[in-house]
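Trainee: Would you mind keeping the following structure in view while I ask a few things?
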Amino acid sequence: MRHGNLNRLNFIGTSLMLFTVCTATFGQGAPAAKPSSARPLMALLNRFTAADVPALGPAEIEVPAGRWMTNAPAPPANLPGKGLAQHPMLYIGEGYNKMFLINEGKIIWTYSTGRGNEYDDAWMLSNGNILFTRMQYIAEITPRKEVVWRYDAPTNTEIHCCQPIGLDKVLFIQNALPPKLMVVNIKTKAVEVRHDLPARSLTDQKTVHAQFRRVRCTAQGTYLVPFLGMNQVVEYDKNFNEIWRYDIPTPWAAIRLKNGNTLITDEKDKLTREVNAKGETVWELKPDDLPESCRFINTQTCTRLANGNTIICSRGGNGKGPQLVEVTRDKKVVWVLQDWANLGPATAVQILDDPGIPERPGESEH
C-alpha cells in the first residue's frame, strides 16, 4: 500500500465541481449516521407481481435465452443451502441482459434490454424503483417497467457503475478520455459533480472499456474508486484529494464496510480481500479455500450481509460452476446457488431482506 498523491501525468487540470452531494447530505468527516434497522424493500415486492405489471414493458426488449439454459450440466447433488429460496434478491450478470427479482424461491419479475453489453450494477430503491447500468446508459424503472429516468453515455464512452444518493441523485463514472466521476440530479437534470479522474491513457480509445467498473460514496461522503486498469483502489475526499490507497491487481469492486474496513474484489486473482485502514489483510477468500463443488470460477463483486457472511458473485464458465457462494467469516459454506436452467451469469446481487435504506451511502454493503 502507498499513501500520497496519484501520479498526475495523465491528470487533467481542475475539473468542474458544483458541489458534492454525498458530503452535503451526510457531512464530510462527520460520523456515519446510525444504520437503519428497517427492511423497506420486502414490503415493496408485491408491486412487482401486481395485475398491472406488463409481461413486457414499453422500453423492454426481449433477450434470447442463453445457451447455458439447455447445455449446462446438472448441478452437483446436495449443494449447501436452499437454492433460489435462500434469499430474496435482485440478480444481474454480464453476458445476459435480463435482470431477475427472486422471492420465496421463485422468479417473480424480470426486465430485459435485448442484445448488447452489459449489466454491471443494479439497485432496488426504497420507493420500489430499480436503478441499473447497461454500459451504454443508466436507467431507473418502476415495478411496472416504466422508464422514469435515463442517461445515455456519449459516443465513445461507457458507464458500468451507479449508486443512488437519496432518491433524486445518482453517482457514476463515465469511462472516457478522460474518465469522469459524476453526480446527476435526475429531477433537475443538473450535473452537480463532474471531476476528471486519472487514466492509463488520454488518447487510446482501446483503454476506455477497462478503466472502471465500480464507484461508491461512503457514509462519510468520500469517494471509493477501484481503478480496474491501474491496479489500485483510491479514496478521495470531497475536494478529490487522495486520502487512502491500496494496490491490488484488477480491483473490479470495493465496498467500505460498516466496521471501517474495505472489501475488495480482485478479478484477475479470483479473490475477495478485506483490508483495514493500514492496508493489512484481515480476511481473504479464494476458490481453493472451498470444497471443490463450491469453488467459483471467477468473481467480479461480492456483498457483505448484516450477519457477517459474504456472498461471492461469479459469471461461471458458460453454464459451469456456481453463480453465488455464501460463506461465513471462518469460510464455512452455507449456500451455493448453481441454477443455470433459470438464471444467467452473476455479476452482482442485492439481498433484499438485509436492513438499511439502499440510497443512504454506507447502509448497503453491495
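Trainee: Treat each spin label as a single point 7 Å out from the Cα along the C-beta direction, and report the N241 to N276 distance in nm.
Mentor: So the two model labels end up 2.5 nm from each other.
Trainee: Students sometimes get this wrong: rank D354, D269 by accessible area, probe 1.4 Å, all chains present, largest first.
Mentor: D269, D354
Trainee: Could I ask something else about it? Mind listing the phi-derived Karplus ³J(HN,Hα) values for segment 44-53, rounded to whole Hz, using 6.51, -1.76 and 1.60 with θ = phi - 60°, and x for any glycine or proline?
Mentor: Once rounded to whole Hz, the list reads 9, 5, 5, 5, 7, 10, 5, 5, 8, 7.
Trainee: Which translational diffusion coefficient, to the nearest whole µm²/s, is obtained for segment 248-317 from the Stokes-Einstein equation, given a Kirkwood hydrodynamic radius over C-alpha pairs, 25 °C and 0.890 mPa s?
Mentor: 199 µm²/s
Trainee: Further question on the same structure: Stretched out fully, how many nm does the piece from K258 to M42 gain, at 0.36 nm a residue minus the Cα gap?
Mentor: Full extension from K258 to M42 adds 75.6 nm.
Trainee: Are there any GluC sites (Glu not before Pro) in segment 183-286 that are in a DSSP loop and have at most 14 other Cβ atoms within 10 Å? List them by number.
Mentor: In loop regions of segment 183-286 (DSSP not H, G, I, E or B), the sparsely surrounded GluC sites (Glu not before Pro) are E280.
Trainee: How big is the accessible area of T299 in square angstrom, nearest 10, if you roll a 1.4 angstrom probe over the protein chains?
Mentor: Its accessible surface works out to 0 Å², give or take rounding.
Trainee: Counting only C-alpha contacts under 8 Å and six or more residues apart, can you give the relative contact order of the chain as a whole percent?
Mentor: 20 percent
Trainee: Which option, (1) 1.09; (2) 0.93; (3) 1.03, is the value of Cα Rg over 2.2 N^0.38 Å that was calculated from these coordinates?
Mentor: Looking at Cα Rg over 2.2 N^0.38 Å for this model, the match is (2).
Trainee: D330 label point, 7 Å along Cα→Cβ, cut-off 20 Å on backbone N: hits in segment 72-89?
Mentor: 80-81
Trainee: Quick one: compute the contact order of segment 173-235, relative version, from alpha carbon pairs under 8 angstrom and 6+ residues apart, as a percent.
Mentor: 25 percent
Trainee: Which of rounded, prolate or oblate describes segment 93-238 when judged by the alpha-carbon gyration tensor and an a/c cut-off of 1.5?
Mentor: Prolate shape, in that a/c is at least 1.5 and a/b is the bigger ratio.
Trainee: Something else: Could you give the length gained on full extension between E104 and N71, defined as 0.36 nm per residue of separation minus the Cα-Cα distance, in nm?
Mentor: Contour length minus Cα-Cα distance gives 9.3 nm.
Trainee: Just to be sure I understand the model, the point goes 7 Å from the Cα along the line to the Cβ. What's the resulting R115 to V53 distance in nm?
Mentor: Between R115 and V53, the simple spin-label model gives 2.9 nm.
Trainee: Could you give the nm distance between label points at E292 and V147, where each point is 7 Å from its Cα heading toward the beta carbon?
Mentor: Result: 4.8 nm between the two label points.
Trainee: List the trypsin sites (Lys or Arg not before Pro) within segment 278-355 that DSSP assigns to loop and that have no more than 10 neighbouring Cβ atoms inside 10 Å.
Mentor: Here the trypsin sites (Lys or Arg not before Pro) that fit, given the DSSP loop and packing criteria, are K278.
Trainee: Further question: Under 8 Å for C-alpha pairs, at least 6 residues apart: give me the relative contact order for segment 102-175, rounded to a whole percent.
Mentor: Across segment 102-175, relative contact order equals 22 percent.
Trainee: Classify segment 55-99 from the C-alpha gyration tensor, please: rounded if a/c falls under 1.5, else prolate or oblate depending on whether a/b exceeds b/c.
Mentor: Oblate, since a/c reaches 1.5 and b/c is not below a/b.
Trainee: Let me ask you something else. Could you compute the net charge surrounding N97? Neighbours are other residues with a C-beta less than 12 Å from the C-beta of N97; K and R count +1, D and E count -1.
Mentor: Taking every other residue near N97 into account, the sum is -2.
Trainee: For T70, what is the net charge nearby, where nearby means another residue's Cβ is under 15 Å from its Cβ and Lys, Arg count +1, Asp, Glu -1?
Mentor: Once positives and negatives cancel, what remains is +1.
Trainee: What is segment 55-129 by shape, rounded, prolate or oblate, if you read a ≥ b ≥ c off the alpha carbon gyration tensor as root eigenvalues and call it rounded for a/c under 1.5, prolate for a/b larger than b/c, and oblate otherwise?
Mentor: oblate
The values are calculated or read from the model by the stated rules, or taken from the named source; none is laboratory data. Given the structure is predicted, the values throughout are model-derived calculations rather than measurements. All Cβ positions, even for glycine, are placed from backbone atoms using ideal geometry, and neighbour counts span all protein chains on display. Note: areas computed on protein heavy atoms with side chains; ligands, DNA, RNA excluded. Shrake-Rupley method; radii C 1.70, N 1.55, O 1.52, S 1.80 Å.
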